[in-house]
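Structure first, then comments.
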Ligand SMILES: Cc1cc2nc3c(=O)[nH]c(=O)nc-3n(C[C@H](O)[C@H](O)[C@H](O)COP(=O)(O)O)c2cc1C
């Protein structure tokens, strides 16, 4: 049966207006990315993972502190760690900051994280995984969700055993990215596992992995029974993918639209991370926005070499003169700026899931 991607659904009492969830991506899912995702139709957005270890060690290399704002809601904030009591403390901070959901990361395949017993390692440590979820669910009144990979090793089915146990422990939704941690991002996401997980739990399941078009999203929803799809890499520098997934065949963006969205993204990110951090952070976005045949390759190279964001912005606006007007309209349509809440939780530079 075809699911209407523009219909609402719920995680307990949290209303989510569409079946499209923007993936948490470390080094990508800054506030500007989440806000943009909401504008283009994501019903739920998620912060990249923030480290609970930072709470007590304070020596982790971080990108800064997580900043959230009411206009991003419904918003999930993702935490990772392996100590139940510390995770509970972080979850309370997340709830106090105004997040609608606390998401727990059981998917990160990056060694720096797995060697601490966090991320995907917890897939093979069911009693600790259960204890983490129980402690977090006990600590907050907002719903707790978990994002998993299929397991550590290729072919693993660990997520199917663990999923129902996490629901017993208090998880109110599960997201599955059905690749193994070893696979990283190679091969394909095996959504037959998503279908099996849906059959085993009575909470909504979100399907993550290789959702790149409306046809793909519809097929995954229809064959798995998942409540929603999550979109990650396809939305990098490409919010128009979200629009296509929701609305079907839509015109590709004009050069003016691309430049206007990128300049807005640069401005918001500089405000969030500060000019110095943002300058390096933003470089990978230039290729993502300007690629896909939108601009010739040397243009990106040129931008990456410029020293200040003002220069980047001026060069972009010169390349698409009509963009200034589009940008003005975009800025005028932005929701009233509300006070950001800054959480004392560091954004880890080690990401993945
Ligand atoms: C650069 C990058 C960073 C990621 N960081 C996280 C993360 O912090 N937490 C998480 O649960 N998943 C993370 N993921 C995994 C994505 O959320 C998603 O499950 C995965 O990319 C598969 O979806 P896709 O094919 O739509 O990209 C990351 C993925 C990428 C590409």
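Quick look at the values:
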quantity	calculated
Condition broken by residue 235, with the remaining ones in (1) in contact (Cβ under 8 Å) with a residue 40 or more places away in the chain; (2) on the phi < 0 side of the Ramachandran plot; (3) surrounded by fewer than 18 Cβ atoms within 10 Å (Cβ to Cβ) satisfied	(3)
Filtered residues of segment 158-180 (kept if touching a helix residue (DSSP H, G or I) at 6+ places or on another chain (Cβ under 6 Å) and either within 11 Å of the ligand (Cβ to nearest atom) or not assigned by TED's automatic domain parsing to the domain that holds residue 219 (or both))	176, 178
Residue within segment 133-144 that is within 12 Å of the ligand (Cβ to nearest atom), assigned by TED's automatic domain parsing to the domain that holds residue 79, touching a residue at least 24 places away in the same chain (Cβ under 8 Å) and assigned to a strand (DSSP E or B) present	no
Single residue of 241, 278 found to be over 23 Å from residue 68 (Cβ atoms) and in contact with a helix residue (DSSP H, G or I) (Cβ under 8 Å, 6 or more places away or on another chain)	241
Meets criteria (more than 16 Å from residue 315 (Cβ to Cβ) and within 16 Å of the ligand (Cβ to nearest atom)) for residue 237	yes
Filter result (within 19 Å of the chain's Cα centre (by Cα), in a helix (DSSP H, G or I) and either modelled with pLDDT under 95 or within 24 Å of residue 15 (Cα to Cα) (or both)) within segment 222-251	235, 240, 241, 242, 243, 244, 245, 246
Qualifying strands (runs of 3 or more DSSP E) (wholly inside segment 1-118; at least 2 residues being at pLDDT 90 or above)	9-11, 14-16, 20-22, 44-51, 75-80, 101-106
Residue in segment 131-142 that is under 30 Å from residue 340 (Cβ atoms), at pLDDT 95 or above and surrounded by fewer than 18 Cβ atoms within 10 Å (Cβ to Cβ) present	yes
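The values are calculated or read from the model by the stated rules, or taken from the named source; none is laboratory data. Bear in mind that the values here come from a model prediction, so they are computed numbers and not experimental data. Every residue, glycine as well, gets a Cβ built from its backbone with ideal geometry; the counts of neighbours run over all protein chains shown.
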